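Peer 1: First, the structure itself, so that you have it in front of you.
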Amino acid sequence: MKISIITVTYNSSHILTEFIDQLRLNGQDESELIIVDSGSDDAEATKIIAQRKGATVVLSPENIGYGRGSNLGAARAQGEWLVFVNPDVSVIHDQLVELVRIGQRNEVHCIGPQVAGIDGRLKVSWGRTIRPPWRKRGSGYTDHGSLIHAETISGCCMAISAEHFRRLNGFDPSFFMFCEEMDLHRRLLDLNGRISVARDVVVRTPGGSSSLGVTDRWRSVERLIGHTRYVFKHFSRVEGCAAIGYNLLKIIFLPKFKRRRTSFVQYSKGLRRNVAGT
């Protein structure tokens, strides 16, 4: 069984060598590593590192976001399973193989590991998809011992059957960043697919450290944009407009959106980009 490991980078050459070395891919003929650079300032450094390590390199001339970048990598992939991994995740190849095998044994079509911080503390990396607060909402997951079946799981490290990924036409490219994996999971559930977290596989990540020059404020606004796009796509237009109002209040009142004028401009541009689906 061949698996394709796909990672999308943006100004991430500073951690790429360590990421590839930790994978321990040497001599693993059944696997391939595909690195997609999304219009980085350090694209040439990424290209040199990837080629030196024997990875396939795909270069985008502009920053196209996580979903579209992942789709570019998937288009080059030859594996039966696609494993999407952020470059700041510490994981070895054998863990990814075990993750896929657990998925196959349990007829799960998209599966992720448990995710821990650098300190080893486990994070909640599963749950329910976004719903407006007035709609019925459960926990979004059921615990089955070694597996947790969930509506959505963390996209920092997840494996999905290549067959199902292609049936879904991959990630929706109208999501620039954030919520694209949740949208993929929702569409997979609509096909009666199964999504799970494997307790027996644990990876570590600091989260949000893969790209130089990206601030927490910028990420927070992009999360709001992805959230709004998701609500417009899967619920009514009225509920989408309500999401806009709710998110604007967050920008006004929450401290993490300081430099509020910049945050408003970013959110407005993101709405035109994402909600319009362009």
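Peer 1: What's the number of the condition residue 214 fails, among (1) outside any loop (DSSP other than H, G, I, E, B); (2) in contact (Cβ under 8 Å) with a residue 12 or more places away in the chain; (3) more than 20 Å from residue 80 (Cβ to Cβ); (4) β-branched (Val, Ile, Thr)?
Peer 2: (1)
Peer 1: Suppose we keep only residues that are in a loop (DSSP other than H, G, I, E, B) and among the polar types (S, T, N, Q) within the range 119-160. Which one would you say is surrounded by the fewest Cβ atoms within 10 Å (Cβ to Cβ)? Talk me through it step by step, then tell me what you get.
Peer 2: Taking the range 119-160 and keeping what is in a loop (DSSP other than H, G, I, E, B), we get 119-121, 124-125, 128-140, 145-146, 151, 154-156.
From the residues that got through so far, the ones that are among the polar types (S, T, N, Q) too are 125, 129, 139, 146, 154.
Details: 125: 22, 129: 17, 139: 11, 146: 13, 154: 23.
For the range 119-160, the residue satisfying everything is 139.
Peer 1: Let me ask another. Only residues that are among the basic types (Lys, Arg), in a helix (DSSP H, G or I) and in contact with a helix residue (DSSP H, G or I) (Cβ under 8 Å, 6 or more places away or on another chain): list them for the range 239-269, please.
Peer 2: Keep residues of the range 239-269 that are among the basic types (Lys, Arg), which gives 250, 256, 258-261, 269.
With in a helix (DSSP H, G or I) added as a condition, the list becomes 250, 256, 260-261, 269.
Hits for the range 239-269 are 250, 256, 260.
Peer 1: Which pairs have Cβ atoms under 6 Å, sit 6 or more apart or on different chains, and link a residue in the range 167-190 that is free of Cβ contacts under 8 Å to residues at least 24 places away in the same chain to one that is of a type in the set (D, E, K, R) and surrounded by 22 or more Cβ atoms within 10 Å (Cβ to Cβ)?
Peer 2: From the range 167-190, no pairs qualify.
Here's the yes/no breakdown for (1) more than 23 Å from residue 151 (Cα to Cα); (2) modelled with pLDDT of 95 or more:
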position	(1), (2)
27	yes, no
70	no, yes
77	yes, yes
84	no, yes
89	no, yes
98	no, yes
102	no, yes
106	no, yes
109	no, yes
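Peer 1: Here's something else I'd like to know. Looking only at the range 182-207, which residues are open to solvent by 40 Å² or more (accessible area, probe 1.4 Å) and either modelled with pLDDT under 95 or of a type in the set (Asp, Glu) (or both)? Please lay out each step first, then the result.
Peer 2: Initial filter on the range 182-207 (open to solvent by 40 Å² or more (accessible area, probe 1.4 Å)): 186-187, 189-192, 194, 199-200, 202, 204, 206-207.
Listed by number, the residues that qualify are 190, 200, 206, 207.
Peer 1: Are there strands (runs of 3 or more DSSP E) fully within the range 1-118 with at least 1 residues that are without any contact (Cβ under 8 Å) to a residue 40 or more places away in the chain and crowded, with 18+ Cβ neighbours inside 10 Å? List them. First the steps, then the outcome.
Peer 2: Numbers: elements: 3-9, 31-38, 56-60, 81-85, 110-116.
Output list reads 31-38, 56-60.
Peer 1: In the range 161-201, which residues are hydroxyl-bearing (Ser, Thr, Tyr) and not in a loop (DSSP other than H, G, I, E, B)?
Peer 2: Applying the first criterion (hydroxyl-bearing (Ser, Thr, Tyr)) to the range 161-201 yields 161, 174, 196.
Result: 161, 196.
Peer 1: Taking the range 223-268, which residues are open to solvent by 30 Å² or more (accessible area, probe 1.4 Å), among the aromatic types (Phe, Trp, Tyr) and more than 18 Å from residue 133 (Cβ to Cβ)?
Peer 2: Passing the criteria: only 264.
Peer 1: Is it true that some residue in the range 226-238 is of a type in the set (Ser, Thr, Tyr) and assigned to a helix (DSSP H, G or I)? Let's see the steps before the verdict.
Peer 2: Residues of the range 226-238 that are of a type in the set (Ser, Thr, Tyr), as a first pass: 228, 230, 236.
Checking which are assigned to a helix (DSSP H, G or I) leaves us with 228, 230.
Yes; the residues of the range 226-238 include at least one that is of a type in the set (Ser, Thr, Tyr) and assigned to a helix (DSSP H, G or I).
The values are calculated or read from the model by the stated rules, or taken from the named source; none is laboratory data. These numbers come from a predicted model, not from an experiment. Don't worry about glycine lacking a Cβ; one is built from the backbone with ideal geometry, like all the others, and counts go over all protein chains shown. Heads up: the accessible areas ignore ligands, DNA and RNA and are worked out on the full protein's heavy atoms, side chains in. Shrake-Rupley method; radii C 1.70, N 1.55, O 1.52, S 1.80 Å.
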